[in-house]
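**Student:** Structure incoming, see below.
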Amino acid sequence: MADKTIILGYMRVSSRDQNEDRQRIALKEMGVLEANIYVDKQSGKDFERKQYKRMLRRLKPGMVLYIKSIDRLGRNYQELMEQWRIITKEKGADIVVIDMPILDTRREKNLLGTFISDLVLTLLSYVSENERVCIKQRQAEGIAAAKAKGVKFGRPEKPLPDNFSEYCEMCREGKISVLKASKECGMPESTFRQKMKKALETDEQ
């Protein structure tokens, strides 16, 4: 690579991600200067990312963009392929995926080299998205199985106040309004109505 070639680096980490240092070290080992590293700290569900857009505006023909792994660009198959096209075709820049040396558009600037690179990218993108879909499906199946066994999800219900039954009965007999009863029990009116309905249905069974 010529000395005058400008190289940029892009990193994406979630707010809880612990691999920021590993990505930064990998980029610097490739010769990317700290000032040329763009970092977004958010999920990869879309490409509405401030630093990514800044990097894209700066990217010019002949520049090289380094990323540690292909999923740093995103994990949505169609969007990832579109960004790859924009960077390599519209911007005329090269991409180097550090963890996957075959995805280096600087290599073999011929029809076969381009075909192999595009084919590998397509396969990796498909496998990545398919894995995400499978993970979600397994999670949904696991939750459904747990619910079938009586496992409850979400926050545990707060215990009813000690005076709930008393005011619930008073409401049923028309001695007090639901609004007044809910205030006396320290509950939102809608919650009191829901709990009272459930309690009365239970008593009738």
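What follows draws every value from the coordinates through simple rules; no lab data is involved. Because the structure is predicted, anything quoted here is derived from the model rather than measured. Here the Cβ positions follow ideal geometry from the backbone for every residue, glycine too, while neighbour counts run over all protein chains shown.
**Student:** In which sequence would SER182, SER69, SER14 go, from the one with the fewest C-beta neighbours within 10 Å to the one with the most?
**Tutor:** Least crowded to most crowded, the residues run SER14, SER69, SER182.
**Student:** In segment 164-204, if the dipole is taken from +1 on Lys/Arg beta carbons and -1 on Asp/Glu beta carbons about the Cα centre, which of THR191, ILE176, PHE164 is farthest to the positive end?
**Tutor:** The residue sitting farthest along the positive end of the dipole is THR191.
**Student:** Taking the Cβ of ALA26 as the centre, find all other residues whose Cβ is under 9 Å away and add up their charges (Lys, Arg: +1; Asp, Glu: -1).
**Tutor:** In short, +2.
**Student:** Another question about this same structure. Mind checking which lysines have their Cα closer than 27 Å to the Cα of LYS195? Skip sequence neighbours fewer than 8 apart in that chain.
**Tutor:** Hits, sequence-local ones excluded: LYS147, LYS149, LYS152, LYS158, LYS175, LYS180, LYS183.
**Student:** Dividing the Cα convex hull volume of segment 164-204 by residue count, how many Å³ per residue is that? Display every interim value, and only then the final one.
**Tutor:** Details: hull volume 2.2 nm³, N = 41.
With only Cα atoms used, segment 164-204 gives 53 Å³ per residue.
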